[in-house]
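Please read the structure below before turning to the comments.
The values are calculated or read from the model by the stated rules, or taken from the named source; none is laboratory data. Small disclaimer: the values here were computed from a predicted structure and weren't measured. Note that we place each Cβ from the backbone using ideal geometry, even for glycine, and neighbour counts take in every protein chain shown. Please note that ligands, DNA and RNA were not included when accessible areas were found on the heavy atoms of the full protein model with its side chains. Shrake-Rupley method; radii C 1.70, N 1.55, O 1.52, S 1.80 Å.
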Amino acid sequence: MAQNQRPKPLLDTLGEEIIRIITPVSICMFLVVLLVSILNTNSSASVTSIATIAYSETSSDSSWNKFLGALLNSLAFVAVVTVVTFILVLLFYLRCTKFLKIYMGFSSFVVLGFMGGEIALFLIEEFSVPVDCITFLVVLFNFAVVGVLAVFMSKMAILVTQGYLVLIGMLVAYWFTLLPEWTTWVLLVALALYDLAAVLLPVGPLRLLVELAMRRDEDIPALVYEARPVTHHDSGSGSGENTVQRRVWRERRNVRQDSEDNSDLNGNVVSDSNSTVGTVQSTRNGTRIATVEEGQVSERDAELSAPLIDHRMNGQDSMSAENLVLEGIGLGSSGAIKLGLGDFIFYSVLVGRAAMYDFMTVYACYLAIVAGLGITLMLLAFYEKALPALPVSIALGDFIEDSKKLYLMSVNLSLKLCV
């Protein structure tokens with residue numbers, strides 16, 4: 001076995017990490033812009049939801065009334081999200097994990113089945129696709145069921161899971177673009193501020209949830225996209241088989257173990273950019289642990305399930321290389337980068353709303369979002385702790401949108417004066 005080496009910090013592979021996150025985000029935003037362009041979504045075509053519970057915007061209202069109404073809608077929506085998140089923290093604290101997984105699975109089924117079904121009907125009507133009702137319902141039901149299994153069972157190909165997560169984000173984002181214009185823009189700003197407080201404040205619900213999961217070494221049942229960088233290269237042996245160098249995760253189960261098992265398994269696997277082989281062992285209580293050795297693994301054996309929260313050990317620097325090899329630990333300075341599906345959704349809402357004006361605005365907002373996401377990932381590389389992904393990108397996107405509107409207003413005013 002090759003000598004175990006100190007893994008690279010996240011900063012050394014930041015370029016790859018940024019690409020692995022920006023790619024699915026870009027796909028999600030592109031799909032939303034495509035839907036908005038095809039279905040010709042207008043500000044007049046709005047929906048009634050919890051985001052419009054306090055005020056219903058009409059074209060006859062003044063700009064000031066629209067702003068106050070949008071502010072009330074945003075405060076109400078953020079208040080509901082905050083209460084629901086604290087309830088989630090409470091249920092997770094009470095170890096109602098199975099209930100939370102069932103709830104998340106049902107929510108995913110509703111998004112894929114009902115929201116996806118309605119958008120599919122719009123597209124069928126738009127392109128006059130001949131399909132009977134029974135076939136449509138059967139295909140839609142299977143599509144939704146497979147999506148729930150792919151996201152929460154962790155036994156399918158990783159590309160299938162990631163693809164369904166992108167689709168869920170796209171479907172929800174499209175429905176958010178149907179909200180009134182003023183409500184949409186104010187809501188984006190309010191959610192960016194909420195994200196900032198929920199993650200960074202000591203009593204923030206998202207921070208409490210993450211710290212609780214890390215303290216218990218458990219998974220959070222949530223919709224989270226996880227970037228898993230893979231590097232393909234040829235094996236040095238004569239077989240010529242493609243091998244995969246990738247981060248390795250372990251599959252953990254929330255079961256009780258005696259103190260001896262805990263002391264033996266305390267260090268088992270973290271995500272690691274240099275550790276590449278996972279050997280799945282069965283303990284006597286049925287828990288499957290993936291231990292890591294330095295080496296290579298073929299593509300067909302490369303899939304391991306991943307927790308949503310990466311386990312991190314204390315006192316890693318004090319451990320000798322011999323102990324690392326004996327305990328089979330894949331040491332990494334950071335875990336796999338994860339991005340909540342809410343970030344996918346509201347990035348896409350921003351560019352989807354911009355697509356209702358012109359594509360130059362879409363392009364400018366897209367660059368602003370990518371720049372903000374890159375800045376956030378750079379901060380993540382330095383601080384190595386959970387950071388809110390919305391504030392920087394939303395701030396830059398709103399700045400681009402407002403600047404464009406002010407510029408066009410000044411141009412129109414100067415043209416009127418010249419005439």
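The numbered conditions (1) within 21 Å of the chain's Cα centre (by Cα); (2) of a type in the set (Gly, Ala, Ser); (3) closer than 21 Å to residue 171 by Cα are all true for residue 386 except (3). Residues of region 2-39 being touching a helix residue (DSSP H, G or I) at 6+ places or on another chain (Cβ under 7 Å) and either modelled with pLDDT under 85 or assigned to a loop (DSSP other than H, G, I, E, B) (or both), which ones? Scanning region 2-39 gives 4, 10, 11, 14, 17, 18.
Summed over region 163-183, the residues that are open to solvent by less than 10 Å² (accessible area, probe 1.4 Å) and of a type in the set (Gly, Ala, Ser) give a count of 2. Out of 160, 186, one residue alone is open to solvent by 20 Å² or more (accessible area, probe 1.4 Å), under 19 Å from the mean Cα position of the chain (by Cα), among the β-branched types (Val, Ile, Thr) and modelled with pLDDT under 95. It is 160.
Any chance region 40-50 includes a residue that's of a type outside the set (Ser, Thr, Tyr) and at pLDDT 90 or above? The answer is no, given that none of the residues of region 40-50 is of a type outside the set (Ser, Thr, Tyr) and at pLDDT 90 or above. Evaluating residue 87 against the criteria (1) farther than 26 Å from residue 203 by Cβ; (2) exposed (fewer than 12 other Cβ atoms within 10 Å of the Cβ) leaves one unmet condition, (1). If you go through region 154-210 and pick out every residue that is of a type in the set (Ser, Thr, Tyr), touching a helix residue (DSSP H, G or I) at 6+ places or on another chain (Cβ under 7 Å) and not in a helix (DSSP H, G or I), you end up with 1. Identification of helices (runs of 4 or more DSSP H) wholly contained in region 307-418 with 2 or more residues that are open to solvent by 40 Å² or more (accessible area, probe 1.4 Å) and modelled with pLDDT under 90 yields 321-327, 359-383, 390-418. When region 50-60 is filtered for residues that are open to solvent by less than 70 Å² (accessible area, probe 1.4 Å) and in contact with a helix residue (DSSP H, G or I) (Cβ under 7 Å, 6 or more places away or on another chain), the ones remaining, listed by number, are 51, 52, 54, 55, 57.
Residues checked against (1) among the aromatic types (Phe, Trp, Tyr); (2) farther than 29 Å from residue 146 by Cβ; (3) in a helix (DSSP H, G or I); (4) without any contact (Cβ under 8 Å) to a residue 24 or more places away in the chain:
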| site | (1), (2), (3), (4) |
| --- | --- |
| 70 | no, yes, yes, no |
| 75 | no, yes, yes, no |
| 81 | no, no, yes, no |
| 85 | no, no, yes, no |
| 90 | no, yes, yes, yes |
| 100 | no, no, yes, no |
